[in-house]
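Worksheet for the structure shown next.
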Amino acid sequence: MKKQDIIKTMMNPVRLRIIQYLILHGTGTTAQIKEELTDIPPASLYRHIKALEEAKVIMIVKENKIRGVIERVYQMNMESPIGDNPTNASINQVIQAGLISLMSEFSRYLEHEENDPQKDMLFLTTSTLLLSDEEFTAFTKEIGEAFNKVIHNKKNEARKVRRITWISSPCEE
């Protein structure tokens, strides 16, 4: 599979959530992933897991036979899908694919007049900060700690799926 196809496979919002689950938990069966991603229909979940497996983003690490049915245990494939020594060009492909995915999500959402960006707290903001490498590292650690407080939340009637994207980008002087 070509790098562009792997990146495109990974950039799907449902697949990103499956990847996030496996990063957080180390391993998981489809049933375990479904317990946490309750808003994804089972058939869709199986299809997305299969796509990630075919792209070699995730891999089967164990098979359990339960009442005659094979249950697969998945984990992230620790080999980078863009190679061990990514070039600037391959990193650019990942960034571009991610940005295109975000643009597509915004477009799909805004195509529907019934969607309410204010009610749904939709926003995009950019801030330019002056930070030393040490300050930036401390800042990212604080943001990571804030994410860790909510990343294990389970879906309920009050919670919505929200995509948060954080990008550190170069700035022109």
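The values are calculated or read from the model by the stated rules, or taken from the named source; none is laboratory data. Small disclaimer: the values here were computed from a predicted structure and weren't measured. Heads up, the Cβs are rebuilt from the backbone with ideal geometry, glycines too, and the neighbour counts pull from every protein chain shown.
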Among residues of segment 27-36, those that are more than 10 Å from Y74 (Cβ to Cβ) and at pLDDT 90 or above, counted: 3
Which residue out of M59, M103 is among the aliphatic types (A, V, I, L, M), surrounded by 10 or more Cβ atoms within 10 Å (Cβ to Cβ) and closer than 17 Å to R15 by Cβ? M59
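Every residue, every condition in (1) under 22 Å from the mean Cα position of the chain (by Cα); (2) over 20 Å from Q20 (Cβ atoms); (3) aliphatic (A, V, I, L, M); (4) part of a helix (DSSP H, G or I), yes or no:
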| residue | (1), (2), (3), (4) |
| --- | --- |
| D120 | yes, yes, no, no |
| F136 | no, yes, no, yes |
| R163 | yes, no, no, no |
| W166 | yes, no, no, no |
Before we move on, is H48 over 30 Å from T125 (Cα atoms) and either at pLDDT 80 or above or surrounded by 11 or more Cβ atoms within 10 Å (Cβ to Cβ) (or both)? yes
Would you be able to say whether some residue in segment 119-127 is without any contact (Cβ under 8 Å) to a residue 60 or more places away in the chain, surrounded by 10 or more Cβ atoms within 10 Å (Cβ to Cβ) and aliphatic (A, V, I, L, M)? yes
(1) at pLDDT 85 or above; (2) in a loop (DSSP other than H, G, I, E, B); (3) surrounded by 10 or more Cβ atoms within 10 Å (Cβ to Cβ): which one isn't true of N156, the others all being true? (3)
Which numbered condition in (1) surrounded by fewer than 11 Cβ atoms within 10 Å (Cβ to Cβ); (2) out of contact with any Ser or Thr (no Cβ under 7 Å at 6 or more places or on another chain); (3) not β-branched (V, I, T) is the only one that C171 fails? (2)
Given the structure, is V161 without any contact (Cβ under 8 Å) to a residue 24 or more places away in the chain, of a type in the set (A, V, I, L, M) and under 29 Å from K34 (Cβ atoms)? no
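Listed here are the residues, each with its yes/no results for (1) surrounded by fewer than 16 Cβ atoms within 10 Å (Cβ to Cβ); (2) free of Cβ contacts under 8 Å to residues at least 12 places away in the same chain; (3) in contact with a Lys or Arg (Cβ under 8 Å, 6 or more places away or on another chain).
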position	(1), (2), (3)
I6	no, no, yes
T9	no, no, yes
E63	yes, yes, yes
N88	yes, yes, no
